[in-house]
Number of protein chains: 2
Amino acid sequence: MEKPTKYMMVIDKIKEWIDNGDIKPGEKIYSENEMAKMFNVSRHTIRQAVGELVHEGLLYREQGAGTFCSSTPKSKNNISDQTNVEKLRGKNIGIITTYISDYIFPSIIRGMESYLSSKDYSLILASTDNDIEKEKQCLEAMLKRNIDGVIIEPTKSSSYNPNMHYYLELEQKNIPYLMINQFYSQLQPPHIILNDEKGGFIATEHLIKNGHEKIIGIFKTDDLQGVYRMKGFIRAFRQNQIPFFNEMMISYSTEDLDHVLKEKLENLFADTNNLPTGIVCYNDTIALLVINILREKGINVPDDVSVVGYDDSYLSEASEIKLTSITHPKMQMGIDAAKWIVSTIENNNNNEQTSIIYEPELVIRNSTKKIN
Amino acid sequence: MEKPTKYMMVIDKIKEWIDNGDIKPGEKIYSENEMAKMFNVSRHTIRQAVGELVHEGLLYREQGAGTFCSSTPKSKNNISDQTNVEKLRGKNIGIITTYISDYIFPSIIRGMESYLSSKDYSLILASTDNDIEKEKQCLEAMLKRNIDGVIIEPTKSSSYNPNMHYYLELEQKNIPYLMINQFYSQLQPPHIILNDEKGGFIATEHLIKNGHEKIIGIFKTDDLQGVYRMKGFIRAFRQNQIPFFNEMMISYSTEDLDHVLKEKLENLFADTNNLPTGIVCYNDTIALLVINILREKGINVPDDVSVVGYDDSYLSEASEIKLTSITHPKMQMGIDAAKWIVSTIENNNNNEQTSIIYEPELVIRNSTKKIN
């Protein structure tokens, strides 16, 4: 796999083309092969970079025709450039998510943006990096601004949240808020979430139905999403009467992602004679990390080990081995969240609907395989 | 209030009488007045010490008649003396709770003991002090012993529990387990709990119905019990349309109990012109702590500030100001837990019943008052 710097270099270069007007809205960009030669990197790297830019909204794909420059080329920058956007329009919606420009978040935020801008609302974006202290700062900043509503993705939702009173302050000020992906239970807030327990269950059951018994689950447990996926993982074992075994679950926190988790996995896969046959991952990022470590050890996915991702992100198709993953409506969640907040504001903070729960589905690709 | 050492001294002295046979099973002990003179302490201290011993099962009260020595004088020691008990009987039930001999735990454990011993089961007690590492040690120790079932009160249940695999190991070994007070959600275990959300709600609504609006809630948030009580507290505000205000909720962890919380409360009550009119406490221990701090400042409970406890423990009647508190069946929980585990073992690990949820009730005493 190419170093991340090459991937970033490609992204920066394409952004430069767009910013300079070298590629104009609606114009087709170079093919993967052309760019691979141009930048002297693998097609895999090009595919990942283009995937990222598609998810940021700078490029779009047309089936069979190729990849094109979007009609709102600087959309991502516009969103982040808060002061500009605010001055243009009347009503402001604050958006606080753990991340903004990574992974599945651009899709969710594009969904919000598409609906909110059509209704002449502007977005004020802020991210917490899944850090409680940063969430506090975001909430304080939002409360100081003249916002009309807030959409929030909780931070470290599997522990007690000490910023509870800021949410109560929002209520006190009659500013409606909606939580997405998960919610803090004490507040019983309106929420739009995914049935993550079911997602964990169907990811695991897919492996069980394909003859796997020695299945490991890797879950991020500082967010409730991971706690629920783990719950579904355990239920799949129980319901199918698959025996439990030691170290069948690996848990990690946001802070562990850079080093600790990689070390844990290296140790886990050290004895190549004693590997699991299947691995259920918290998300696609972890699935790719696992596949990478296995590749370094000469272990083939899916021939030796099957790996299931989660989120059906752009990563699931950008990698060499296309990931079997759990899909859910990401952009739709953004749209639905935006619709909810606008309708609540326009009905004087009344909204009968207090929750939407999406059902996840399995997408089978090449990272999983039947065994005997 | 007397120093805790005096209280402990009285307890030790009475235990000594029982151990030496100075007071025999069924014999009445000295009156509160007599002992107060004897030990040169207040009647209040005597009442607390006797309350504790009643809850430990060493003494029992007969209404109108006085307090007597129990027929199984060394019952508490016998329970803790694990090897002795184990040799006597055939089947062993492990009990892992956060605490054993404090607060409401003696009542719960006596309930278990009374049923289990009647069925010729013995108890192996262990406590975690609400520490994850100690829970791990307890579980490892239980798994090494020849236990037939385990009753567990979760440790730090509002965060992810890293000892999950020990519970799966219990399942793998076909050892039934039951969780009490709360449960780890991933495991979906059979459980016997209290509706703590409702408890928090009725404690708060009691104050609201008595004209209070500036009500503070103090909750322990490293256990789900406290998280749910806080949830009920917030719901009572919302449902009665009481305005939220800053610092209406104080949260603390097990480790904060000794110093941090006391400091927080001292600060909170520093400005005696700006006091809340009502305080909802996580439990009776906190209620007494609050009353103490207020007393030091010359603030009267309930004339100036109303205080609600929780658990209806022996403390609620032992203190000078009898506590309005939330009551729930403590000994019955122990009996029900013991019945469940015995019936599950005797039905080859099958039990249709997977949960019991008790409804809490308010007991109104002297620590709360109507205001205009």
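Values quoted throughout were computed directly from the atomic coordinates according to the rules given, and no laboratory measurement underlies them. Treat the numbers as computed from the prediction; the structure is a model and nothing was measured. Here the Cβ positions follow ideal geometry from the backbone for every residue, glycine too, while neighbour counts run over all protein chains shown.
In this structure, the pairs whose alpha-carbon distance is over 28 Å, taken from B:Lys13/B:Lys297; A:Lys231/B:Lys220; B:Lys13/B:Lys136; A:Lys173/B:Lys156, are B:Lys13/B:Lys297; B:Lys13/B:Lys136; A:Lys173/B:Lys156. Electrostatic tally near B:Gln182: other residues with Cβ closer than 9 Å to its Cβ, Lys and Arg +1, Asp and Glu -1, net -3. Remark on A:Lys91: its backbone amide H falls under 5 Å from those of A:Ser122, a criterion applied only to residues 5 or more positions apart or on other chains, H modelled at 1.01 Å from N. Using the alpha-carbon centroid of each, what span in Å lies between the range B:288-351 and the range A:168-186? Computed from Cα coordinates, the inter-centre distance equals 32 Å. Cα centroids of the range B:1-61 and the range B:216-257: 36 Å apart. The local environment of A:Asp284, defined by Cβ-Cβ distances under 10 Å, has a net charge of -3 under the rule Lys, Arg +1 and Asp, Glu -1.
Ranked from shortest, the separations from the 7 Å Cα-to-Cβ label point of A:Asn347 to its equivalents in the other copies are 4.5 nm. Sparse packing (at most 15 other Cβ atoms within 10 Å of the Cβ) combined with a DSSP loop state is found for the following GluC sites (Glu not before Pro) in the range B:243-335: B:Glu247, B:Glu320.
What is the diffusion coefficient of the range B:196-328 in µm²/s, taking the Kirkwood radius over Cα pairs and the Stokes-Einstein relation at 10 °C with a viscosity of 1.306 mPa s? Result for D is 109 µm²/s.
With the helix formula -39500 (n - 2.57) applied to DSSP H stretches of n ≥ 4, the protein assembly as shown reaches a computed 222 nm mean residue ellipticity of -13500 deg cm²/dmol.
Amide H to amide H, with H built 1.01 Å from N, A:Leu194 comes under 5 Å of A:Asn181, A:Tyr358, counting only residues 5 or more places away or on other chains.
In a reduced charge model with +1 at each Lys and Arg Cβ and -1 at each Asp and Glu Cβ, the protein assembly as shown shows a dipole moment near 680 debye about its Cα centre. Among A:Met333, B:Met331, sorting on how many other beta-carbon atoms sit within 10 Å of each Cβ, with the fewest leading, yields B:Met331, A:Met333.
For A:Lys119, go through the aspartates and glutamates and keep the ones whose alpha-carbon is under 17 Å away, minus same-chain ones fewer than eight residues off. Cross-link targets: A:Glu86, A:Asp148, A:Asp336, A:Glu346. Sequence-distant contacts, meaning Cα pairs under 8 Å at least 6 residues apart, place the relative contact order of chain A at 17 percent.
With its label point put 7 Å out from Cα toward Cβ, B:Asp102 sits 3.9 nm from the same residue's point in the other copies, in order from shortest. Here the Karplus relation 6.51 cos²θ - 1.76 cosθ + 1.60, evaluated at θ = phi - 60°, turns the backbone of the range A:348-363 into coupling constants of 6, 6, 10, 8, 5, 7, 10, 7, 10, 10, 7, 9, x, 9, 8, 10 Hz, with x for every Gly and Pro.
Taking a ≥ b ≥ c as the square roots of the eigenvalues of the alpha-carbon gyration tensor, the range A:173-266 is classed oblate because a/c is 1.5 or more while a/b is no larger than b/c.
Counting Cβ atoms of other protein chains within 10 Å of each Cβ in B:210-221 and taking the mean gives 1. Averaging 1/r across all pairs of distinct Cα atoms in chain A and inverting the result yields a Kirkwood radius of 21.9 Å. Summarising the rotation from chain A to chain B, the nearest chain A beta-carbon to the axis and its distance in Å are given as A:Ser159, 2. Please find, in a Gaussian network model of chain B (springs between Cα atoms separated by less than 10 Å), the residue of B:Ser107, B:Ser118, B:Ser306 whose mean-square fluctuation is greatest. Of B:Ser107, B:Ser118, B:Ser306, the most mobile in the Gaussian network model is B:Ser118.
Take each residue in A:160-168, count the other chain C-beta atoms within 10 Å of its C-beta, and the mean is 5. Every Cα-Cα pair of the protein assembly as shown was included, and the share exceeding 33 Å stands at 59 percent. Distances, shortest first, from the label point of B:Asp120 to those at the same position in the other copies read 8.4 nm; the point lies 7 Å along Cα to C-beta.
For the residues of A:233-241, the average number of beta carbons from a partner chain within 10 Å of their own beta carbon is 2.
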